[in-house]
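Shown next, in structure tokens, is the structure this report addresses.
The values are calculated or read from the model by the stated rules, or taken from the named source; none is laboratory data. From a predicted model like this one, the values you see are computed outputs, not experimental measurements. Positions of Cβ are generated from backbone atoms using ideal geometry, with glycine treated the same way; all protein chains shown enter the neighbour counts.
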Amino acid sequence: MNTGISEIPLAPMRIILLVNDSFFSYQIARPIIEAHADKIVLAVFSRYTTGSRQRVIRIARTASWRYLIYRTFVQLAPCLRYRASITVRRLVTKYQIPFVESTQINGARAHAEINESRANIAVAINFDQILHKKTLSLLQYGVLNAHASKLPADRGISPALWAFARGDPEVWVSLYKMDSGLDTGPIYEQFPVKVEDRDSAFSLYRKVCLQSGEHMARLLKDVIGCRPFLQANSGKVEKPHSWPDDQFSSLLQRNGRQLMKWRDFATILLN
């Protein structure tokens, strides 16, 4: 891990989880909760709103039909699974971690709950609300996030899917401290995840999430005493990725790669 250890007094860590509960969120959250349940003082779940429905409509207008089918199936996965209790919410309940739902993380009520928890650091897990600067400043040590690319490359939406569609041999993950920009914050760690011949976009992203959770759990053990490094700046600003569209589908087909394979359905339903 590319970090510098500073000689500063370490405050007791009090963690908040900001999470959109989903199949992939569970893969990230599980190792973090299992390793740090005694330090997690609050879980904030993003709640479905009218604005969320409007967001779905915007996605539908942009994304390819293949991606829409894929995303719909993955979103429904927790309801379809044989062991449907395997969700972040059930995991939080198992470890007796207090939790709330929030439709507006930047609102006064959410800020009051964060302040009341006396948390000093947060981890965002596929959280689908934009965090404003004031919200980020509530946590003394900031908000950590995992982005599936080697930042500053591939900022934006679904970077692992775009890398997979391009035919990349590996997908990188960056663990970084969020700021008010789009995936622009300072980085604690970057690591690659190899793309296997048998991988689909689904199985690859599941690996990315599993390894992101494991690395984040390890990072949290000493993150308060670490100093992240600033992202490299080549002078060229790349346009952030948007939702996987028809160009994405063409790239996927050209490189002989698939969004899902039959064994992925068994992974969702039984694993």
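Odds and ends about this structure:
- Only one entry in Leu182, Leu204, Leu269, Leu210 is outside any loop (DSSP other than H, G, I, E, B) and either surrounded by 18 or more Cβ atoms within 10 Å (Cβ to Cβ) or touching a Gly at 6+ places or on another chain (Cβ under 9 Å) (or both), namely Leu204.
- In the stretch 93-138, the residues that are aliphatic (A, V, I, L, M), closer than 21 Å to Pro12 by Cα and surrounded by fewer than 12 Cβ atoms within 10 Å (Cβ to Cβ): Ala112
- Scan of the stretch 159-177 for residues that are buried (at least 23 other Cβ atoms within 10 Å of the Cβ) and either part of a strand (DSSP E or B) or touching a Gly at 6+ places or on another chain (Cβ under 6 Å) (or both), ordered by number: Val171, Val173, Ser174, Leu175, Tyr176
- Filter result (part of a helix (DSSP H, G or I), of a type in the set (Lys, Arg) and out of contact with any His (no Cβ under 8 Å at 6 or more places or on another chain)) within the stretch 127-158: Lys133
- Taken across the stretch 224-239, residues that are more than 19 Å from the chain's Cα centre (by Cα), part of a helix (DSSP H, G or I), among the charged types (D, E, K, R) and more than 30 Å from Ala11 (Cβ to Cβ) do not occur at all.
- Note on the stretch 108-126: among residues that are in a loop (DSSP other than H, G, I, E, B) and touching a helix residue (DSSP H, G or I) at 6+ places or on another chain (Cβ under 9 Å), the one that is farthest from Ala163 (Cα to Cα) is Asn120.
- Residue in the stretch 187-194 that is part of a loop (DSSP other than H, G, I, E, B) and either at negative phi or surrounded by 12 or more Cβ atoms within 10 Å (Cβ to Cβ) (or both) present: no
- Candidates are the residues of the stretch 227-252 that are at pLDDT 90 or above and in contact with a Leu (Cβ under 8 Å, 6 or more places away or on another chain); the one that is nearest to Leu175 (Cα to Cα) is Gln231.
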